[in-house]
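The values are calculated or read from the model by the stated rules, or taken from the named source; none is laboratory data. Remember, predicted model here, so these are calculated numbers, not experimental data. Backbone-built Cβ (ideal geometry, glycine too); neighbour counts: all protein chains shown.
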Amino acid sequence: MALTSLLATSCAPGHEDRDAHARDVTPEEESLLEAAGQLLLRECMESRGFEYQVVSGDTVADFEEFRYVIDDPEWASEHGYGTELQREAVELRENDPNERYFESLSPERRAQALVAANGPSPVGLTATTPDGMELGRSDQGCQSQADRELYGDLASWFQARTTVDALPALRHQGVVNDPRYLEAVRPWADCMRAAGHDYATPADVRASLPPLQDPLPRQEEIGLALAEARCATDSGLAGTVAELDEQHDQELRERHRSALETQRRLQLDALPRARTVVGEAERTEGPEHRG
């Protein structure tokens, strides 16, 4: 995607000033902030003698994340458990130009690149996760410098982002430990057993799958996934997990509203700076430059 398209979709005059504290950022604005952050990171890394390429956030087409259970028989009949799609995702990561560059460095230069990107010890930033774990990061590396230039208040950004990034895992944990989920999964397991698959939970199915390098035969994988999806809809598990996921999401958002509001405020405040960074890159490197 050209960086100009990011500018065009999210630069209505005064938009962020009018309702900066009353809305979420749009997906286009998220992409703009990501692009600007990478450009700032590249500038910093190059100033320290290392290469960094701005890369797009391309993902594998048709990939879907079924957090609790596959509930789409049509998708399951085409992709099974998504083994081929996961392989494509691995290839995308392996073909990342920054990963290839990093691996091409000598051990000494690789260590220096890590320090340049992440900063030296000791850490200068700390943040506490919702479950009480303390995380630390140097405030001197290029990642911290890029975040500081873009979001201004580095400490607040690091704490807010740490909290918000932890919420999906907490939501998942809350759902699968909810008594209503444990009750709803029993008829699903009965349905699976009747179909010839003895699993107590969808997580047990995942745990039984072989590694990507040696997957199940395709028809066997599709058959198992299709049984899971049909049982999810027939037993009512699909509807239950959708309701529970929404409920736990709302509860977590209310509990951690301060962190979510801080992240949103810093993101919206950063939009003018992001447009400036991306606009300058467009003028000097061309509209199609992504790294």
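The residues of region 115-129 that are surrounded by 15 or more Cβ atoms within 10 Å (Cβ to Cβ) and out of contact with any strand residue (DSSP E or B) (no Cβ under 6 Å at 6 or more places or on another chain), listed by number, are V115, A116, A117, N118, G119, G124, T129. In the set (1) surrounded by 17 or more Cβ atoms within 10 Å (Cβ to Cβ); (2) in a helix (DSSP H, G or I), A89 fails one condition alone, (1).
Residue-wise test of (1) within 30 Å of R253 (Cα to Cα); (2) touching a Lys or Arg at 6+ places or on another chain (Cβ under 7 Å); (3) among the hydroxyl-bearing types (S, T, Y).
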| residue | (1), (2), (3) |
| --- | --- |
| D96 | no, no, no |
| P107 | no, no, no |
| Q112 | no, no, no |
| T126 | yes, no, yes |
| G132 | yes, no, no |
| G136 | yes, no, no |
| S144 | yes, yes, yes |
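Only one entry in D198, D214, D178 is of a type in the set (D, E), at pLDDT below 95 and surrounded by fewer than 18 Cβ atoms within 10 Å (Cβ to Cβ), namely D214. Among the numbered conditions (1) part of a helix (DSSP H, G or I); (2) farther than 21 Å from P73 by Cβ, tell me where A229 comes up short. Answer for A229: the failing condition is (2). Looking across L182, L135, one residue alone is farther than 23 Å from A274 by Cα and outside any helix (DSSP H, G or I). It is L135. When each of P202, P179, P215 is tested for being farther than 30 Å from N95 by Cα and touching a helix residue (DSSP H, G or I) at 6+ places or on another chain (Cβ under 7 Å), the lone residue that passes is P202.
Applying the criterion of being within 25 Å of the chain's Cα centre (by Cα), loosely packed, with under 15 Cβ neighbours inside 10 Å and of a type in the set (G, A, S) to the residues of region 225-247, the residue that is farthest from V176 (Cα to Cα) is G239.
Yes or no, residue by residue, for (1) over 25 Å from E243 (Cβ atoms); (2) in contact with a Pro (Cβ under 8 Å, 6 or more places away or on another chain):
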position	(1), (2)
M192	no, no
G196	yes, no
L209	yes, yes
Q213	yes, no
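Considering each residue of region 144-162 in turn, none proves to be over 19 Å from T276 (Cβ atoms) and of a type in the set (D, E). Note on region 111-145: residues that are small (G, A, S) and in contact with an Asp or Glu (Cβ under 8 Å, 6 or more places away or on another chain) amount to 3.
Return the residues of region 105-161 that are of a type in the set (K, R), modelled with pLDDT of 95 or more and under 22 Å from the mean Cα position of the chain (by Cα); say none if nothing qualifies.
R148, R161
Contact map, region 156-169: residues that are in contact (Cβ under 8 Å) with a residue 12 or more places away in the chain and assigned to a helix (DSSP H, G or I) paired with residues that are charged (D, E, K, R) and crowded, with 21+ Cβ neighbours inside 10 Å, Cβ distance under 8 Å, separation 6+ or inter-chain. Pairs shown: W157/D147; F158/D147. Inside region 98-133, can you point out the residues that are in contact (Cβ under 8 Å) with a residue 60 or more places away in the chain and under 24 Å from V164 (Cα atoms)? The answer is A117, P130. Would you tally the residues in region 237-291 being within 19 Å of G174 (Cα to Cα) and not in a helix (DSSP H, G or I)? Qualifying residue count, region 237-291: 1. The residue of region 138-155 that is surrounded by the fewest Cβ atoms within 10 Å (Cβ to Cβ), among those that are in a helix (DSSP H, G or I) and among the hydroxyl-bearing types (S, T, Y), is S144.
When D58 is tested against (1) part of a loop (DSSP other than H, G, I, E, B); (2) at pLDDT 95 or above; (3) of a type in the set (D, E), exactly one condition is not met: (2). Cβ-Cβ below 6 Å, separation at least six or inter-chain, first residue in region 199-213 and closer than 22 Å to N177 by Cβ, second aromatic (F, W, Y) and modelled with pLDDT of 95 or more: which pairs? Note: pairs meeting the criteria are V205/Y199.
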